[in-house]
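Student: Sending over a structure as structure tokens; questions will come in a sec.
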Amino acid sequence: MKKSLLLLALSLLLSAGLFALEVNQPELTSTGDQTIEFINYTGPHKVIDSISAIKGIGSGLGNQIASNPEKATSTNKNSKYWVVHAIDENETGKLDADILYIGSNATVDHITNLRRIISAYLVSAYGYSEKDADTISVFITVYNAVYRGKLDTFKSKYKNVVIQNLTSENCGLSVTYKDWPGKSEIVIPLYDVKNGGLSTVDTSVISDSSVVKSMKEDDDKNVESRKEMVDIKEREADEASTKAQEAQKKAVTEQKKLDEEKKKTEETKKEAEEAKKTAEEKQKVAEENPDDKQAQKEAEEAKKEAEEKQQAAEEQQQKQEEQQAKTEEAKQEAKEQQARADKKETEAQTERKEIAKDQAEVQKKEAQQALMTTEFGIILSDEANMLSRLVKFNIQNGEVVKNSPVAQIRNRTVYKEGDGFIAIAGENSGNGSVKLVTISPDTLEISAESDNQIAEDSVLVQDGKEYYCVTEENGSFYLAKFGGDLSLKLKSQIQVKSGTPVTVTDGGIVVTDSNGRLRLLDKKDLSVKTSGNSAADAK
């Protein structure tokens, strides 16, 4: 008697006393210092967009911002996705930001595709390399999930122009794809929009301790993404150090100019004082000799010269003050860039040490797993809707060592087929669809899917190398026979109940038709088997 993998898995679980595996362990999510794990839709789709089309969404948004990045603006808010470029040069001490909104009619349902949109946006808007943009997009999504709904945290870091575009309910990013459309305000902190490139996004903010701690909770501890972020920060440190050196050279030059201006100021002040003294003396002589026209003329000329000298001294003083400001600005720029270089270097060194420890831990765990005796089974991923996922677990202690991202297996039924597994998976929401799929035993991801849509409540029954389930066509349901390669071999002539039981007997296939009557179908063509005296029964 043939048994499904489900029965095998359940027997193993029961023998080990592992009822806890019925809990939806991979979806335990929260914020702050706890784990952030994104819940994606990983089932079949009605329409599969190409990667280039998905990236095109981000590129289109970025191109609109790139035309004038120093100006506050926004893209079309009637689109499925739009950006508010929230900057204000008049407010200092806090951050500008880009805010990416996901419209209520958007269909993005996997964090990988959302990151592709963000990455392409950073490339087109600010000139990031694709590799760096990919890394930063990972941190942006985790950062926004960690601080989801924490408006006070955003208020403490961002300018008013940013805060006025956020709401307490939707700021940040939900960990669940179902909450993305119409409920996402993804904040991208900006450090330097004027110069663009490597330091446009504030990498220190999106990789703070809470974000990194959350990333470390994943099985692989996100080692590769963290390494790439360290690489970015080291290059930021080098860039800032170079700018600091340039600013310091400029400061030295400006200081020399300032010294020259100070010398000129002293000279012009001295000349103004001497001219003033001469004018006072000439005026005194003129007052003592009111009838002396020459004395009056000399007094007037001396007064005029004193005023001119005083004006020249004042103008020179203004030049000195302007040069003083330029000098201080250059010194401050050198100081800030050096501080930034030191900060980035310290962050990079600290994180590199942590990564080394984490990498050793991951390698140790992988070595231990290689020695385990494992088996495949299914556990409930959504108990309310009776959805399941395939897992690989250690049969000695029941610990799940690998979860399938496909969390929408229906009817708690999976069959071994060749090197993979066959199941009905998916959901009819957004761009999702329910289909017959093959799941790879290596990646536990969908490796193939049927062309035909399957009824949500259809059973899946194996008969040798063939599989029976109910297919849906324009709201009508038919029993269908599929091969192990997911190709449709036969379809019943009569309509059936979407959730009909399917019983394989020696005489044929027993189903319940759309009118609620039991029917016996011929295995050869899935036609209704009759006694031959009632043609109406075959209709």
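Student: State which residue is most open to solvent (accessible area, probe 1.4 Å) when the search covers only the stretch 357-373 and only residues that are under 25 Å from the mean Cα position of the chain (by Cα) and of a type outside the set (D, E, K, R). Break it down stepwise before answering.
Tutor: Initially, the stretch 357-373 is screened for residues under 25 Å from the mean Cα position of the chain (by Cα), giving 358-359, 362.
Now restrict to residues that are of a type outside the set (D, E, K, R): 359, 362.
Numbers: Q359: 54, V362: 20 Å².
Result: Q359.
Student: Kindly provide the set of residues from the stretch 282-298 that are without any contact (Cβ under 8 Å) to a residue 12 or more places away in the chain, in a helix (DSSP H, G or I) and surrounded by 13 or more Cβ atoms within 10 Å (Cβ to Cβ), ordered by number.
Tutor: Residue satisfying the conditions is Q296 alone.
Student: Taking the stretch 365-417, which residues are polar (S, T, N, Q) and more than 28 Å from P501 (Cα to Cα)?
Tutor: Once the filter is applied, which keeps residues that are polar (S, T, N, Q) and more than 28 Å from P501 (Cα to Cα), the stretch 365-417 yields Q368, Q369, T373, T374, N394, Q396, N397, N403.
Student: Let me ask something else about it. In the stretch 331-350, how many residues are surrounded by 16 or more Cβ atoms within 10 Å (Cβ to Cβ) and closer than 21 Å to T200 by Cα?
Tutor: Taking the stretch 331-350 and keeping what is surrounded by 16 or more Cβ atoms within 10 Å (Cβ to Cβ), we get 331, 333-334, 337-338, 340-341, 344-345, 347-348.
Filter once more, so that each one left must be closer than 21 Å to T200 by Cα: 333-334, 337-338, 340-341, 344-345, 347-348.
So the count comes out to 10.
Student: Return the pair list, or none, for Cβ contacts closer than 6 Å from residues in the stretch 379-408 that are farther than 26 Å from V459 by Cα and of a type in the set (A, V, I, L, M) to residues that are at pLDDT 85 or above and surrounded by fewer than 22 Cβ atoms within 10 Å (Cβ to Cβ), at least 6 apart or on different chains.
Tutor: I395/E375; V401/K392; V401/N394
Student: While we're here: Does E456 satisfy the condition of being at pLDDT 90 or above, of a type in the set (D, E) and over 22 Å from V511 (Cβ atoms)?
Tutor: Details: at pLDDT 90 or above: yes; of a type in the set (D, E): yes; over 22 Å from V511 (Cβ atoms): no.
No.
Student: Identify, please: which residue in the stretch 374-411 is of a type in the set (D, E, K, R) and surrounded by 17 or more Cβ atoms within 10 Å (Cβ to Cβ) and is, among those, nearest to E449 (Cα to Cα)?
Tutor: Going residue by residue through the stretch 374-411, those that are of a type in the set (D, E, K, R) are 375, 382-383, 389, 392, 399, 402, 410.
Pick out the ones that are also surrounded by 17 or more Cβ atoms within 10 Å (Cβ to Cβ) and you get 389, 392, 410.
Details: R389: 16, K392: 21, R410: 14 Å.
Only one residue fits best here, namely R410.
Student: Among the residues of the stretch 58-78, which ones are under 17 Å from N165 (Cα atoms), open to solvent by 30 Å² or more (accessible area, probe 1.4 Å) and in a loop (DSSP other than H, G, I, E, B)?
Tutor: K71, A72, N76, K77, N78
Student: Would the stretch 159-171 turn up any residue that is open to solvent by 30 Å² or more (accessible area, probe 1.4 Å) and within 30 Å of I51 (Cβ to Cβ)?
Tutor: Residues of the stretch 159-171 open to solvent by 30 Å² or more (accessible area, probe 1.4 Å): 160, 164-165, 167-170.
Still in the list and also within 30 Å of I51 (Cβ to Cβ): 165, 170.
Checked against the condition, which is being open to solvent by 30 Å² or more (accessible area, probe 1.4 Å) and within 30 Å of I51 (Cβ to Cβ), the stretch 159-171 yields at least one hit.
Student: Among the residues of the stretch 455-488, what is the count of those that are touching a Phe, Trp or Tyr at 6+ places or on another chain (Cβ under 9 Å) and more than 17 Å from V437 (Cβ to Cβ)? Break it down stepwise before answering.
Tutor: Quick first cut of the stretch 455-488, residues touching a Phe, Trp or Tyr at 6+ places or on another chain (Cβ under 9 Å) only: 455, 458-462, 466-472, 479-484, 486, 488.
Then drop every residue that is not more than 17 Å from V437 (Cβ to Cβ), which leaves 479.
The qualifying residues number 1.
Student: So, one more: Could you pull out every one of the strands (runs of 3 or more DSSP E) wholly within the stretch 456-510 that has 3 or more residues that are farther than 18 Å from G426 by Cα and free of Cβ contacts under 8 Å to residues at least 40 places away in the same chain? Reasoning before the result, please.
Tutor: Numbers: elements: 461-463, 466-473, 476-483, 488-491.
Because the criterion is at least 3 residues that are farther than 18 Å from G426 by Cα and free of Cβ contacts under 8 Å to residues at least 40 places away in the same chain, the strands (runs of 3 or more DSSP E) in the stretch 456-510 that meet it are 476-483, 488-491.
Student: Still on this structure: Return the total of residues in the stretch 122-153 being of a type in the set (A, V, I, L, M) and farther than 20 Å from N195 by Cα. Can you show your working first?
Tutor: Here is the first cut: in the stretch 122-153, the residues of a type in the set (A, V, I, L, M) are 122-123, 125, 133, 136, 138, 140, 142, 145-146, 151.
Filter once more, so that each one left must be farther than 20 Å from N195 by Cα: 138, 140, 142, 145-146, 151.
Qualifying residue count, the stretch 122-153: 6.
Student: Say we look at the stretch 230-252 and pick out the residues that are more than 29 Å from F139 (Cβ to Cβ) and free of Cβ contacts under 8 Å to residues at least 12 places away in the same chain; which of these is surrounded by the most Cβ atoms within 10 Å (Cβ to Cβ)?
Tutor: Residues of the stretch 230-252 more than 29 Å from F139 (Cβ to Cβ): 248-252.
Those left that are additionally free of Cβ contacts under 8 Å to residues at least 12 places away in the same chain: 249, 252.
Details: K249: 12, V252: 14.
Here the residue is V252.
Student: Turning to a different aspect of this structure: Go through Y126, Y177, Y101 for me and flag whichever is modelled with pLDDT of 95 or more and touching an Asp or Glu at 6+ places or on another chain (Cβ under 7 Å). Even if it seems obvious, please write down each step before you answer.
Tutor: Values: Y126 fails: touching an Asp or Glu at 6+ places or on another chain (Cβ under 7 Å); Y177 fails: modelled with pLDDT of 95 or more.
The match here is Y101.
Student: If I filter the stretch 253-268 down to residues being closer than 17 Å to Q324 by Cα and among the hydroxyl-bearing types (S, T, Y), which single residue comes out as most open to solvent (accessible area, probe 1.4 Å)? Spell out how you get there, then give the answer.
Tutor: The first filter runs over the stretch 253-268 and keeps only residues closer than 17 Å to Q324 by Cα, leaving 253-266.
When the remaining residues are screened for being among the hydroxyl-bearing types (S, T, Y), the result is 253, 265.
Numbers: T253: 68, T265: 4 Å².
Within the stretch 253-268, the match that is most open to solvent (accessible area, probe 1.4 Å) is T253.
Student: Going by the conditions given, is V212 over 19 Å from Y121 (Cβ atoms) and of a type in the set (V, I, T)? Don't jump to the end; show me each part of the working.
Tutor: On the way: over 19 Å from Y121 (Cβ atoms): yes; of a type in the set (V, I, T): yes.
So V212 passes the test.
Student: Is there a residue being more than 18 Å from K46 (Cβ to Cβ), crowded, with 20+ Cβ neighbours inside 10 Å and at pLDDT 90 or above anywhere in the stretch 423-430? Let's see the steps before the verdict.
Tutor: Here is the first cut: in the stretch 423-430, the residues more than 18 Å from K46 (Cβ to Cβ) are 423.
Filter once more, keeping what is crowded, with 20+ Cβ neighbours inside 10 Å: 423.
Narrowing further to those that are at pLDDT 90 or above: 423.
Yes - at least one qualifying residue is present in the stretch 423-430.
Student: Restricting to the stretch 442-455, name every residue that is among the charged types (D, E, K, R) and in a strand (DSSP E or B). Please lay out each step first, then the result.
Tutor: Quick first cut of the stretch 442-455, residues among the charged types (D, E, K, R) only: 442, 445, 449, 451.
Of everything in the stretch 442-455, those that are among the charged types (D, E, K, R) and in a strand (DSSP E or B) turn out to be E449, D451.
Student: Next question, about the same structure. Quick check on the stretch 299-323: of everything there that is touching a Lys or Arg at 6+ places or on another chain (Cβ under 7 Å) and either within 30 Å of T253 (Cβ to Cβ) or in contact (Cβ under 8 Å) with a residue 40 or more places away in the chain (or both), which residue is surrounded by the most Cβ atoms within 10 Å (Cβ to Cβ)?
Tutor: A313
Student: Name the residue that is least open to solvent (accessible area, probe 1.4 Å), counting only residues in the stretch 111-133 that are charged (D, E, K, R) and under 18 Å from Y81 (Cβ atoms). Please lay out each step first, then the result.
Tutor: Step one: list which residues in the stretch 111-133 are charged (D, E, K, R), which gives 115-116, 130-132.
With the extra rule that they be under 18 Å from Y81 (Cβ atoms), the set shrinks to 115-116.
Numbers: R115: 51, R116: 68 Å².
If we take residues in the stretch 111-133 being charged (D, E, K, R) and under 18 Å from Y81 (Cβ atoms), then R115 is least open to solvent (accessible area, probe 1.4 Å).
Student: Next up: Looking at (1) more than 30 Å from T42 (Cβ to Cβ); (2) in contact (Cβ under 8 Å) with a residue 12 or more places away in the chain, which one does T373 not meet, given that it meets all the others?
Tutor: The failed condition is (1).
Student: So which residues in the stretch 151-174 are of a type in the set (G, A, S) and either in contact (Cβ under 8 Å) with a residue 12 or more places away in the chain or closer than 15 Å to I186 by Cβ (or both)?
Tutor: Narrowing the stretch 151-174 to residues of a type in the set (G, A, S): 156, 168, 172, 174.
Listed by number, the residues that qualify are S168, G172, S174.
Student: Which residue out of L436, L479, L486, L490 is at positive phi and in contact with a strand residue (DSSP E or B) (Cβ under 6 Å, 6 or more places away or on another chain)?
Tutor: Numbers: L436 fails: at positive phi; L479 fails: at positive phi; L490 fails: at positive phi.
The match here is L486.
The values are calculated or read from the model by the stated rules, or taken from the named source; none is laboratory data. The shown structure was predicted, so the numbers you read here are calculated from the model rather than taken from an experiment. Positions of Cβ are backbone-derived with ideal geometry, glycine not excepted, and every protein chain shown enters the neighbour counts. The protein model used for the area step is the full one, side chains on, heavy atoms only, and it has no ligands, DNA or RNA in it. Shrake-Rupley method; radii C 1.70, N 1.55, O 1.52, S 1.80 Å.
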